[in-house]
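Structure first, then comments.
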Amino acid sequence: QVQLVESGGGLVQAGGSLRLSCVVSGNIDKIDGMGWFRQTPGKQRELVADITSAGSPNYADSVKGRFAISVDNAKNTVHIQMNSLQSEDKGVYYCNVREVGSYYGYWGQGTQVTVSS
């Protein structure tokens, strides 16, 4: 099992920045990818960004150039730096991990991001 604890959400003005963090613990040996998902009311949870164990990032088109995902292996933590935030970026952000041969299957409690215009 893997446990995930997100932090860093909050209220920010449009154009501002936030950095979310997710501490990963438990059986991490099989993890080959980490990602951040966003849940907005009325919409399906969407993958915002993820990164492979080799360090290759992938971003949703809506956040390219504004968000950056990174991993601190020493602290078992995955971050997402979110810049130039827009109202469309608001929602509950969840980190998740992908094990070898599986899709993302572990969810944390999420952290709320609110963007005011």
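The values are calculated or read from the model by the stated rules, or taken from the named source; none is laboratory data. Just so you know, these numbers come straight off a predicted model, no measurement behind them. Cβ atoms come from the backbone with ideal geometry, glycine included; neighbour counts cover every protein chain shown. Calculation scope for accessible area: heavy atoms of the full protein, side chains included, ligands and nucleic acids excluded. Shrake-Rupley method; radii C 1.70, N 1.55, O 1.52, S 1.80 Å.
Okay, here's what the table says:
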| item | result |
| --- | --- |
| Enumeration of residues in the stretch 89-104 that are at pLDDT below 95 and open to solvent by 50 Å² or more (accessible area, probe 1.4 Å) | V100, G101, S102, Y103 |
| Answer residue from the stretch 105-117, given it is surrounded by 13 or more Cβ atoms within 10 Å (Cβ to Cβ) and in a loop (DSSP other than H, G, I, E, B) and is modelled with the highest pLDDT among those | G110 |
| Yes/no for V5 being free of Cβ contacts under 8 Å to residues at least 40 places away in the same chain and either open to solvent by less than 60 Å² (accessible area, probe 1.4 Å) or part of a strand (DSSP E or B) (or both) | no |
| Qualifying positions in the stretch 60-84 - hydroxyl-bearing (S, T, Y) and more than 19 Å from E6 (Cα to Cα) | S62, S84 |
| Candidate set: the stretch 73-88, residues that are under 14 Å from the mean Cα position of the chain (by Cα) and open to solvent by less than 50 Å² (accessible area, probe 1.4 Å); chosen: the one farthest from A54 (Cα to Cα) | M82 |
| Selected residue (criterion: farthest from I80 (Cα to Cα)) from residues of the stretch 19-30 that are among the aliphatic types (A, V, I, L, M) and open to solvent by less than 30 Å² (accessible area, probe 1.4 Å) | V24 |
